[in-house]
Amino acid sequence: MLLFILKRLGLAVLVAFTVSFISFSLLFMAGDPAAALAGETASGEDIESIRKLYGFDRPMLVQYGDWLISALQFNFGESYYFRLPVSSLIVDRLGVTMTLGVCGITFALLTAVPLGVAAAIRPNSIIDRVALFLSVAGQAMPSFWFGLILIVIFAIQLGWLPPSGASSPAHFIMPTIVLGYYAMPAIMRLTRAGMLDVLSSDYIRTARAKGAPEGRVLFRHALRNAIIPVVSLAAVQMGFMLGGSIVVESIFALHGAGFLAWESIARNDLPTVQALILVFSMFYIVFTFLADVLNAWLDPRMRSS
Amino acid sequence: MEKPLLSVRNLTLDIPVGGGTLHAVRGIDFDLMRGETLCIVGESGSGKSLTSLALMGLLGKTIRRSADRMDFDGTDILTAKPRAMRALRGDRMAMIFQEPMTSLNPAYTIGDQLTEALLLHKSVSREAARDRAVELLEKVGITAARSRLGQYPHQLSGGLRQRVMIAMALMCEPELIIADEPTTALDVTIQAQILRLLYDLGREMNMAMILITHDLGVVARVADKVAVMYAGELVETGPATDVFNTPSHPYTRGLLRCIPQPGKTERGSTLGTIPGIVPSLIGDVQGCAFRTRCPFAQAECKADIPRREEGTHMFRCIHPDGKRHAEEEVTA
Amino acid sequence: MTQVETHDPILAEITGPTPGQMLRKRVFGHQGLMIGVVVLVILTLVAIFAPLLAPHDPYAQSLMTRMEPPVFLGGDWEHPLGTDHLGRDYLSRLIYGARVSLMIGVIAALISGVIGTAMGVAAGYFGGRVDMVVTFLINVRLAMPVVLVALAVVAILGGSLQVVIVVLGLLLWDRFAVVMRASTLQVRGREYVAAARAIGASTPRVILSEIMPNIANNLIVVVTLEMAHAILLEAALSFLGLGVQPPTPSWGLMVSEGKNMMLFEPWMVLIPGAVLFILVLAINLMGDGLRDVTAPENRS
């Protein structure tokens, strides 16, 4: 188990460094960052002095080294647009995004797991069809469109919920549903498939042969085994959701890290974009790492090895 | 006369399949007394396992079960409510399955799984249940029993797991134990040990036992009664001595020819085989199912086959004595 | 269904249909698959024959007829689905929008399919170091937030249809790599592969003529899913104003333009979004259906 964790940790660190290099290289894809920073009206001399000032005249690898060392100290330089340290911008905005992400994955799990279990208990029943319909529709639903529909219905027509902003828990209801529904289909399908698989296994028959009541068979014997892969999927989805929060935050004007990403991309604020890509990637890497560890711990075969 | 513990009449199992109905088990009858061992013998696919699952009420929802009688010590298994069946299962009737590798839940310790049935059915403390588990683990020949309670199934070998399964089935001291080919998945040397153990424990606790197997060598040693199944039907049943001494159905004799007998089978001679394959049981099944492989088949075999009874020894054949003398003449 | 003539009723096996018939029955009996295929064929035809079908020029502005409602909300048949804020015919823009979405879906899936399949098959077939490297690359790719990276790159390179297609194509290869790697691993151990190697077939030959045909089923399923994924991403990018640029008729862009009028004219958001939803739904239904049909053992 310890060996597994160490190996997995090594992989996570390696992936993290690679991702950091890729997000840093974005800066150079943009062509001459000094020219971009100086603006269209700047003279050749202005550009040259900015190049020196920001150190863009050094070899790329040196610049990457510098950037990485600062990044490790959570210093991503200054935002071109906001003229503030990128790290403090991100810290300010991350709370909203994390809240949204946690609410979203909770909503997804609370709907997907019961639906998946119910669908697996009675395949081809009404509830199975409803679950299948919800998951097929969810996979095809453009989340920006779904969000706008919710706004039209619940904010404009019915007036029950505020259409945008983040000042109260009510503001988070619609964004949570939109983001959660995005993650729901995959979790639902995996739960259903896992339960179907486990329910036809020999040890479930053993449990029934002991005279265990149906509820005990389903939840203690079956779900305990079927839920193991769902845990890692939920972590992966959580990582995707944070990355996907950009769409939801822009629809509902939630000023989180996703919204910041949208703003800074639209304004060519590269240091902020780089840092955000790195931060979102780190969340994904950490979540999947924790999920793998949790997984190994939940599965006695891995725990003891 | 003593009442049988388990009495089954005309048990029939139908499985709806794509092209019609699969008549998997047709009209099974038998009685089992307390402490008695019944061996059900037959090829794979003959309906042995389905029969045992039907007794436990563990059939899948798609399988249709009907019978004239299915009585377990006064309880009608056929009409019993799910709750009543649950109360029986694991407590008064227990089952040992053929796949020890997959029949234990990988997520729980041996101790949890052993004590589960006891805690479900009897009001005992967790401590008492664990003590009982240790006692039974020792009884089935597992060393360091107490430390095994904390282990997970994947840490045990197949033989150990099957011993655990046996101990698990015995936890509530059931009156009936059904063992469905409990040793097929194991090494040959371990097979003998496990069967011996099962048999001894059955005697010791005066349990009735239904042992499903295709190993006639085993049957000869442990059975009080034998039931031979072919293609979903009981073709011959009776006291073990009768069935072995005067095997009457041509299929039973075919099976017996397939096992070598020390002293009788000549060195180097080929063992018998029964040519042909088991017929499909989809659609209407009529007449003797064995007729396509039977050396004595004739036109009448397509009609209804009479039950021939010699005391408690029963077989179904168009021929009054199942042509057993004809065969003796040939072999003699 | 034919019944074989036998004298023996117990031997009267019900002779099943031939494998071909069974496949046909599975395909045509699969509701989801049929619905998906029919809708997709219709939308593809609409995209191909857009110039013939569109009642107006999708770019023609008319300030006199701005934001006319669709017929079902009291508009006239001149503009069956109304006009947008620049007086452009909504139906015509929707019809041309099908071209954008389908082109993005097909080309992006092709590009990512080639990359991902090459990586996945190589990893599965050669194993060892190659596998380690590919698995690592997949991990890196999965760690990058797609929407964010796509947005950033498109913004840097300038939003245009070509850029969006290429960027999405270069980003969406992960599922191809994962699935193709797993499928190749499964197939690699089969006897016919060993046989081909034993008679001295070259590695490319074994991969092309023994491995590929046997993993094509899974490949097709992933192609459909990634098409849907690419179409949704393009719409999201364009909706955020950083994908396909105006005046190109992209459905995501139409939703974005309609958003400002949402308070009074919600149909401007509902219609293009609904069409997008239907297209993606059709592709997904087809993908799920193909998976069910080609892998009978997976069907419940």
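The values are calculated or read from the model by the stated rules, or taken from the named source; none is laboratory data. Treat the numbers as computed from the prediction; the structure is a model and nothing was measured. We place every Cβ from the backbone using ideal geometry, glycine too, and count neighbours over all the protein chains shown.
Test B:Gly287 against the criterion of being surrounded by fewer than 20 Cβ atoms within 10 Å (Cβ to Cβ), at pLDDT below 75 and either more than 15 Å from the chain's Cα centre (by Cα) or within 14 Å of chain C (Cβ to nearest Cβ) (or both), and give yes or no. Before you say what the answer is, go through the steps one by one.
On the way: surrounded by fewer than 20 Cβ atoms within 10 Å (Cβ to Cβ): yes; at pLDDT below 75: no; either more than 15 Å from the chain's Cα centre (by Cα) or within 14 Å of chain C (Cβ to nearest Cβ) (or both): yes.
In short, no.
Looking only at residues in region B:160-217 that are touching a Phe, Trp or Tyr at 6+ places or on another chain (Cβ under 8 Å) and not hydrophobic (A, V, I, L, M, F, W, C), which one is nearest to B:Ala133 (Cα to Cα)? Among residues in region B:160-217 that are touching a Phe, Trp or Tyr at 6+ places or on another chain (Cβ under 8 Å) and not hydrophobic (A, V, I, L, M, F, W, C), the one nearest to B:Ala133 (Cα to Cα) is B:Pro182. Of A:Leu179, A:Leu196, A:Leu190, all but one fail to be in a helix (DSSP H, G or I), closer than 24 Å to C:Leu225 by Cα, within 9 Å of another protein chain (Cβ to nearest Cβ) and touching a residue at least 40 places away in the same chain (Cβ under 8 Å); the exception is A:Leu196.
Of B:Gly90, B:Gly111, B:Gly74, all but one fail to be within 14 Å of chain A (Cβ to nearest Cβ) and either surrounded by fewer than 19 Cβ atoms within 10 Å (Cβ to Cβ) or farther than 21 Å from B:Asp180 by Cβ (or both); the exception is B:Gly111.
Would you please name the residue that is surrounded by the fewest Cβ atoms within 10 Å (Cβ to Cβ), looking only at residues in region A:279-304 that are small (Gly, Ala, Ser) and within 14 Å of chain B (Cβ to nearest Cβ)? Explain how you work it out, then say what you get.
As a first pass, look at region A:279-304 and keep what is small (Gly, Ala, Ser): A:281, A:291, A:296, A:304.
Among the residues that remain, those that are also within 14 Å of chain B (Cβ to nearest Cβ) are: A:296, A:304.
Working: A:Ala296: 18, A:Ser304: 11.
It comes out as A:Ser304.
Taken together, the residues in region B:27-80 that are in contact with a Gly (Cβ under 8 Å, 6 or more places away or on another chain) and among the charged types (D, E, K, R) amount to 1. Of all residues in region C:134-163, those being free of Cβ contacts under 8 Å to residues at least 24 places away in the same chain, touching a helix residue (DSSP H, G or I) at 6+ places or on another chain (Cβ under 8 Å) and more than 10 Å from chain A (Cβ to nearest Cβ) number 1. When the helices (runs of 4 or more DSSP H) confined to region A:222-305 are screened for residues that are under 13 Å from the mean Cα position of the chain (by Cα) and touching a residue at least 60 places away in the same chain (Cβ under 8 Å), those reaching at least 1 such residues are found at A:224-251, A:257-266, A:270-298.
Is it the case, given these coordinates, that C:Val166 is within 14 Å of chain A (Cβ to nearest Cβ), within 27 Å of C:Trp251 (Cα to Cα) and surrounded by 22 or more Cβ atoms within 10 Å (Cβ to Cβ)? Steps first, please.
Details: within 14 Å of chain A (Cβ to nearest Cβ): yes; within 27 Å of C:Trp251 (Cα to Cα): yes; surrounded by 22 or more Cβ atoms within 10 Å (Cβ to Cβ): no.
Answer is no for this residue.
Residues that are within 7 Å of chain A (Cβ to nearest Cβ) and hydrophobic (A, V, I, L, M, F, W, C) were ranked within region C:274-284; the one that is nearest to A:Met141 (Cα to Cα) is C:Phe277.
One line per residue, one yes/no per condition, for (1) under 20 Å from the mean Cα position of the chain (by Cα); (2) among the acidic types (Asp, Glu); (3) within 14 Å of chain B (Cβ to nearest Cβ):
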site: A:Ala183; (1), (2), (3): yes, no, no
site: A:Ala186; (1), (2), (3): yes, no, no
site: A:Asp202; (1), (2), (3): no, yes, yes
site: A:Lys210; (1), (2), (3): no, no, yes
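Taking the criterion of being without any contact (Cβ under 8 Å) to a residue 60 or more places away in the chain, more than 21 Å from C:Met262 (Cα to Cα) and buried (at least 20 other Cβ atoms within 10 Å of the Cβ), the only residue of region C:51-98 that qualifies is C:Ile95.
The residues on offer are B:Ser103, B:Ser46, and the sole one that is within 14 Å of chain A (Cβ to nearest Cβ) and in contact with a Phe, Trp or Tyr (Cβ under 8 Å, 6 or more places away or on another chain) is B:Ser103. Checked against (1) within 13 Å of chain C (Cβ to nearest Cβ); (2) within 30 Å of B:Ile110 (Cα to Cα); (3) acidic (Asp, Glu), A:Glu214 passes all but condition (1).
Screening A:Ala261 with (1) more than 24 Å from A:Ser25 (Cβ to Cβ); (2) aliphatic (A, V, I, L, M); (3) crowded, with 22+ Cβ neighbours inside 10 Å gives one miss only, at (1). Of the residues making up region B:199-207, none is surrounded by fewer than 17 Cβ atoms within 10 Å (Cβ to Cβ) and at pLDDT 90 or above.
Against the definition (among the aliphatic types (A, V, I, L, M) and crowded, with 24+ Cβ neighbours inside 10 Å), how does A:Leu276 come out, yes or no?
Values: among the aliphatic types (A, V, I, L, M): yes; crowded, with 24+ Cβ neighbours inside 10 Å: yes.
Against the criterion (among the aliphatic types (A, V, I, L, M) and crowded, with 24+ Cβ neighbours inside 10 Å), A:Leu276 qualifies.
Listed here are the residues, each with its yes/no results for (1) of a type in the set (A, V, I, L, M, F, W, C); (2) closer than 20 Å to C:Ser250 by Cα; (3) part of a loop (DSSP other than H, G, I, E, B).
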position: C:Lys25; (1), (2), (3): no, no, no
position: C:Phe28; (1), (2), (3): yes, no, no
position: C:Ile35; (1), (2), (3): yes, no, no
position: C:Thr44; (1), (2), (3): no, yes, no
position: C:Met64; (1), (2), (3): yes, no, no
position: C:Gly97; (1), (2), (3): no, yes, no
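Considering each residue of region C:223-243 in turn, at least one proves to be surrounded by fewer than 24 Cβ atoms within 10 Å (Cβ to Cβ), free of Cβ contacts under 8 Å to residues at least 60 places away in the same chain and facing another protein chain (nearest Cβ under 8 Å).
Can you tell me which residues in region A:114-128 are part of a helix (DSSP H, G or I) and either within 11 Å of chain C (Cβ to nearest Cβ) or polar (S, T, N, Q) (or both)? Hits for region A:114-128 are A:Ala119, A:Ala120, A:Asp128.
Among the strands (runs of 3 or more DSSP E) confined to region B:127-236, the ones with at least 1 residues that are farther than 26 Å from B:Asp112 by Cα are located at B:208-213, B:225-230.
Within region A:132-162, restricting attention to residues that are at pLDDT 90 or above and more than 11 Å from chain C (Cβ to nearest Cβ), which residue is surrounded by the most Cβ atoms within 10 Å (Cβ to Cβ)? Of everything passing the filter in region A:132-162, A:Leu150 is surrounded by the most Cβ atoms within 10 Å (Cβ to Cβ). You will find that of B:Leu160, B:Leu120, the residue that is within 28 Å of B:Gly57 (Cα to Cα) and at pLDDT below 90 is B:Leu160 and no other.
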